[in-house]
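The values are calculated or read from the model by the stated rules, or taken from the named source; none is laboratory data. Everything numeric in this text was worked out from a predicted model, so none of it was measured. So basically every Cβ, Gly included, is an ideal-geometry build from the backbone, and we count neighbours across all protein chains shown. The area values use the complete protein model at the heavy-atom level, side chains included, leaving out ligands, DNA and RNA. Shrake-Rupley method; radii C 1.70, N 1.55, O 1.52, S 1.80 Å.
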Amino acid sequence: MQDRVILHCDLNNFYASAECVSHAEWRDVPLAVCGDPTARHGVVLAKNEIAKRYGIKTGDVIWQAKQKAPGLVIVPPHFDLYTSYSRQMFDLYTHYTDRVEPFGADECWLDVTGSQKLFGDGKTIADDIRARVKKESGLTCSVGVSFNKVFAKLGSDLKKPDATTEITRDNYKRLIWRLKADEMLMIGRRTYEHLLKLNIFTIGDLARADANMLKSHFGINGRKMKAFANGDDTEPVREAVKSREIKSIGHGMTAVRDIETADDARDLIFFLSEKVAARMRKAGVRGTLVSVGMRDNKLFSIVRQGSMPMPSYSSDEIAECAFKIFIDNWNGDPMRTITVSVAKLDGSDSPKQLSFLDDHARNDKLEKLDETLDKLNSKYGNIVHRASLVGKDFLYDKTDDEDFLPFQR
């Protein structure tokens, strides 16, 4: 059976590069995009190549970054600009294949197996994409070429900026197995710390480890990690869908700092659930299926689902269901991004199944409370806030215009 040809395209220093391309005066100076440049606790979200040379890292607080590079230019994020570039790149990628799967703001997998007769082999397509990205946008892109998604992702990380790296069945042991195990997808900090206690330091060590031993420590994920390290990743690249009926309403956030405690996760989930519920009420829909997306600080993502007992647009009902899903599926690794969404939507005027239990009355009471708060906030300008969220340093209160969901169609 012929191997697949998978590309992973990663826009280099995306936020910072977009700012530099849009402002010629910033192209030759160190620059950092920060969440809140006016606040002392603001942090670096992205930096350009020049800033990298000064040792500036994502997550540095502004005063630390300025100490490293005294002439550092600080700019706030402009999500409309990044969205525009993301959509432009998405359209470029779909010129080569309809199998395009986004992975965050600046990354996509492409399955070009069936495109080679038109555009050449994987490396040729990757080089052509890099040239077009540079010519058409001014940005640069690193591309990994391999026979599966995990190795393609590793390939794009190996050489930056503006490079193509091929990882094949003939060279992957030489290129990949020497890397630290935590450079592979799905291995977060705590998982890596656990692996170190088992004398597993590199991806090669993981590939050679006993499958039963890994399963005893990590469950089914242990076997999956070993399979990935050996190149046994058969997960498909999802097909790009340019338009679809809206079947869910969601809100996600990449926190200003990693979420490391259950209490912080609960606060963030309640914050997100309030946003989702408000949009549902505005759209006049209730839902029952709650989904929670979790991405850790190594960019490993999972989505898990659960159901509410009855259709609702109550923020409390949604949040309680979402938090239970989170706790049931969280492995303790620091979380970078959490998303809450609700599906199986029905019009708010649709008939509801009545219940003799207290659940129905409680839900009605919570919904009416939220509706009252909507009216107050609409009339007086967001005057009512959940007390537990006041002063939380990991929240970035996005407006709907800033709800940056790249490649969303």
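Before moving on, here are some points about what is shown:
- Residue in segment 300-316 that is assigned to a loop (DSSP other than H, G, I, E, B), under 19 Å from residue 101 (Cα atoms) and of a type outside the set (Val, Ile, Thr) present: yes
- Criterion violated by residue 248 - all others in (1) of a type in the set (Gly, Ala, Ser); (2) more than 24 Å from the chain's Cα centre (by Cα); (3) surrounded by 14 or more Cβ atoms within 10 Å (Cβ to Cβ) satisfied: (2)
- Residue list for segment 315-331, restricted to those being open to solvent by less than 20 Å² (accessible area, probe 1.4 Å) and at pLDDT 90 or above: 318, 319, 322, 325, 326
- Any pair with Cβ under 8 angstrom, 6 or more apart, that starts in segment 182-193 at a residue that is of a type in the set (Val, Ile, Thr) and ends at one that is at pLDDT below 85: 187/298; 187/300
- When segment 58-85 is filtered for residues that are within 19 Å of residue 107 (Cα to Cα) and touching a helix residue (DSSP H, G or I) at 6+ places or on another chain (Cβ under 9 Å), the ones remaining, listed by number, are 77, 78, 79, 80, 81, 82, 84, 85.
- Filter result for the condition that a residue is among the aliphatic types (A, V, I, L, M) and free of Cβ contacts under 8 Å to residues at least 24 places away in the same chain, over 214, 268, 272, 289: 214
- Within segment 80-122, the set of residues being among the hydrophobic types (A, V, I, L, M, F, W, C), open to solvent by less than 20 Å² (accessible area, probe 1.4 Å) and assigned to a helix (DSSP H, G or I) comprises 89, 90, 92.
- All told, residue 93 meets the bar of being under 30 Å from residue 118 (Cα atoms), at pLDDT 95 or above and of a type in the set (Phe, Trp, Tyr).
- Condition met for residue 30 (at pLDDT 95 or above and over 24 Å from the mean Cα position of the chain (by Cα)): yes
- Among the residues of segment 262-281, not a single one is assigned to a strand (DSSP E or B) and touching a helix residue (DSSP H, G or I) at 6+ places or on another chain (Cβ under 7 Å).
- Single condition residue 151 does not satisfy, out of (1) open to solvent by 10 Å² or more (accessible area, probe 1.4 Å); (2) of a type in the set (A, V, I, L, M, F, W, C); (3) at pLDDT 95 or above: (1)
- Scanning segment 178-215 for residues that are part of a loop (DSSP other than H, G, I, E, B), open to solvent by less than 40 Å² (accessible area, probe 1.4 Å) and modelled with pLDDT of 95 or more yields 179, 200, 209.
- Filter pass, residue 231 being more than 20 Å from residue 301 (Cβ to Cβ) and at pLDDT 85 or above: yes
- Selection from segment 297-337 of residues that are of a type in the set (D, E, K, R) and in contact with a helix residue (DSSP H, G or I) (Cβ under 8 Å, 6 or more places away or on another chain): 298, 304, 316, 317, 333
- Some residue of segment 237-249 being assigned to a strand (DSSP E or B), out of contact with any His (no Cβ under 9 Å at 6 or more places or on another chain) and in contact (Cβ under 8 Å) with a residue 60 or more places away in the chain: yes
- From 239, 260, 235, 274, residue being touching a Pro at 6+ places or on another chain (Cβ under 9 Å) and either closer than 25 Å to residue 337 by Cβ or open to solvent by less than 30 Å² (accessible area, probe 1.4 Å) (or both): 260
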